[in-house]
Amino acid sequence: MEIKIIIPSPLRTFSNGERSVSFNLQENSLIIDSINELEKQFPGIAAKIVDQDNNLHNFVNIFMDGEDVRYLDGINTKLTPNCEISIVPAVAGGFK
């Protein structure tokens, strides 16, 4: 299934300036699978999104089709076909 990830300005140094990327993942994939795919394409980006235990950093929010995944199943939220994932730095914290 195809998904699209919107990359915020502070992380575009990892994505060669790309504002968004699209790729295919297997059915029943999770948010963490999309982060892992981002890491494959853009090494180093995952460390800015999740910690070594694969928990979202406190200063990062991820939205799937406009819904904050923290209020769903976090990084274990199941992706839906053609979903749009937005990585959003917290206003007060930003990426470290």
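Scan region 55-68 for residues that are at pLDDT 95 or above and among the β-branched types (V, I, T) and the total you get is 1.
If you take the residues in region 1-40 that are assigned to a loop (DSSP other than H, G, I, E, B) and among the hydroxyl-bearing types (S, T, Y), which one is farthest from L72 (Cα to Cα)? It comes out as T13.
Note on region 41-85: among residues that are under 15 Å from L11 (Cα atoms) and assigned to a helix (DSSP H, G or I), the one that is farthest from the chain's Cα centre (by Cα) is Q41.
Every residue, every condition in (1) open to solvent by less than 70 Å² (accessible area, probe 1.4 Å); (2) of a type outside the set (S, T, N, Q); (3) in contact (Cβ under 8 Å) with a residue 24 or more places away in the chain, yes or no:
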{"position": "G17", "(1), (2), (3)": "yes, yes, no"}
{"position": "E37", "(1), (2), (3)": "yes, yes, no"}
{"position": "G44", "(1), (2), (3)": "yes, yes, yes"}
{"position": "N55", "(1), (2), (3)": "no, no, no"}
{"position": "V60", "(1), (2), (3)": "yes, yes, yes"}
{"position": "N82", "(1), (2), (3)": "no, no, yes"}
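Residues in region 21-35 that are polar (S, T, N, Q) and open to solvent by 40 Å² or more (accessible area, probe 1.4 Å): S22, N24, Q26, N28.
The values are calculated or read from the model by the stated rules, or taken from the named source; none is laboratory data. Treat the numbers as computed from the prediction; the structure is a model and nothing was measured. When we count neighbours, we look across all protein chains shown, and the Cβ atoms used for this are built from the backbone with ideal geometry, even at glycine. Quick note on the areas: whole protein, heavy atoms, side chains included, nothing else; ligands and nucleic acids left out. Shrake-Rupley method; radii C 1.70, N 1.55, O 1.52, S 1.80 Å.
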